[in-house]
1. Could you give P(r) for region 2-297, binned at 10 Å from zero, as whole percent values over all Cα-Cα pairs?
2. Provide the gained length on full extension for the span Arg234 to Gln177, in nm with one decimal, where the gain is 0.36 nm per separating residue minus the Cα-Cα distance.
3. Decide, for region 32-163, between rounded, prolate and oblate: order the square roots of the alpha carbon gyration tensor eigenvalues as a ≥ b ≥ c, take rounded if a/c falls under 1.5, and otherwise choose prolate if a/b is larger than b/c, else oblate.
4. What is the extension gain from Arg32 to Lys103, computed as 0.36 nm multiplied by their sequence separation minus the C-alpha to C-alpha distance, in nm to one decimal?
5. From the backbone phi of region 78-90, what are the Karplus-calculated ³J(HN,Hα) couplings (6.51 cos²θ - 1.76 cosθ + 1.60, θ = phi - 60°) in whole Hz, Gly and Pro given as x?
6. Taking the simple approach of a point 7 Å from Cα along Cα-to-Cβ for both Arg83 and Glu197, what is their distance in nm?
7. Please report the relative contact order for the chain, taking Cα pairs under 8 Å with a sequence separation of at least 6, and give it as a percent rounded to a whole number.
8. At 222 nm, what helix-only mean residue ellipticity would the chain give, in deg cm²/dmol to the nearest 500, using -39500 (n - 2.57) for each DSSP H run of four or more?
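The values are calculated or read from the model by the stated rules, or taken from the named source; none is laboratory data. Predicted model, so just to flag it, every value in this text is computed and none were measured. Here the Cβ is made from the backbone with ideal geometry for all residues, glycine too, and neighbour counts use every protein chain on show. Surface areas here come from the heavy atoms of the whole protein model, side chains and all, with no ligands, DNA or RNA. Shrake-Rupley method; radii C 1.70, N 1.55, O 1.52, S 1.80 Å.
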Amino acid sequence: MRIAVTGATGVLGQEAVEALVAAGHEVTGITRRDSGVPIVEGRGGAAIVADVFDPSDLARAFRGHDTVINTLAHVPVGMAGLRPLAWREDDRLHLEASVAIAKAAADAGVRKLIQESSVFLYPDNGTDWITEDLSLSVRNQAFRPRVREMRAAVDFATAGRSAVVLRLGQLFGRDPQSTHALKATREGDPILLGKPENYITLLHHSDAGRAFVAALRAGSGFYNVGGEPITRGRWAKDLAMEAGVETPAKFYPEITQAIVGTRLEVQRRSLRVSSVRFMSETGWRPTVGPSTKGWSRR
Ligand SMILES: NC(=O)c1ccc[n+]([C@@H]2O[C@H](COP(=O)([O-])OP(=O)(O)OC[C@H]3O[C@@H](n4cnc5c(N)ncnc54)[C@H](OP(=O)(O)O)[C@@H]3O)[C@@H](O)[C@H]2O)c1
């Protein structure tokens, strides 16, 4: 299959390109910069330099492809998410670029769109399981870009086309967010939000890459993608183990947690997310868990 990947030089995009190439697909990775070309080629894909906000660039990039996979994001690391304008680029990518991508893909005759999304859109559900049928908690304006992006994917899935929206768990692996969390754990600084008894659903990057391949087999719809949920207290111990220290990662004090605002509040939620629908429909399984030794180096 001929597959175009947007955000191909990013944490998710690189994993997707590599996994798709390994599965025998012909992959074009899209980047806005010349320096992105060797990154895509290093993962086995061909690169096209294009602006994801420009419809004519997108039309050129998508021509002749069967599937488009959109992995674009610009997530601020750690408490940088509290800074004014920290989410501006991420919002623009979901509000404008994702919509332009869905439209350009349809116009270019692409038959399938796979759109990255997130489990953080679910409400806190305590110890109860979360399936795709639970209503999202997206009334705040801050979530408008993610809602608009989903609508664009749904609009794409007309006239015999299909759209698969993957609600990915919290990513961990060899990436800026995890590196930051491991450093804080080593230095004894607080890094975790929420309460130790709350649930977290994690997804290793390599499993996320394989999920994009598996999604080629899924019918139109929304799918949760994550490993076995664990408590945040367990995650604190797993972070310490990976960081090579005895003391579990620390939680921010309640007084700090009270002022984190809407964007980071999602990380306080208890999210015990079931990926059974995705696993049974595609056969995908997570292979790297938070207690797998060396997860931050693979
Ligand atoms: N579910 C989750 O937990 C989740 C989801 C996403 C990210 N994250 C985490 O957040 C951290 C950052 O990852 P990320 O995915 O946000 O960033 P990233 O991996 O650095 O970037 C993704 C790609 O998007 C493209 N891009 C970014 N900003 C753009 C812009 N303004 N215009 C056009 N293209 C743009 C870039 O491609 P070019 O520069 O090549 O054009 C970039 O390579 C990582 O630690 C990751 O694990 C977590």
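1. 7, 28, 37, 22, 6, 0
2. The span from Arg234 to Gln177 would gain 18.7 nm if fully extended.
3. Here region 32-163 falls in the oblate category.
4. Extending this stretch completely gives an extra 23.7 nm.
5. Rounded to whole hertz, the list is x, 6, 4, x, 8, 5, x, 6, 4, 9, 4, 5, 4.
6. It is 3.7 nm.
7. Numbers: 645 pairs, mean separation 57.8, N = 298.
About 19 percent, as a whole number.
8. Details: 12 runs with 104 residues, N = 298.
Using -39500 (n - 2.57) per qualifying helix, the result is -9500 deg cm²/dmol.
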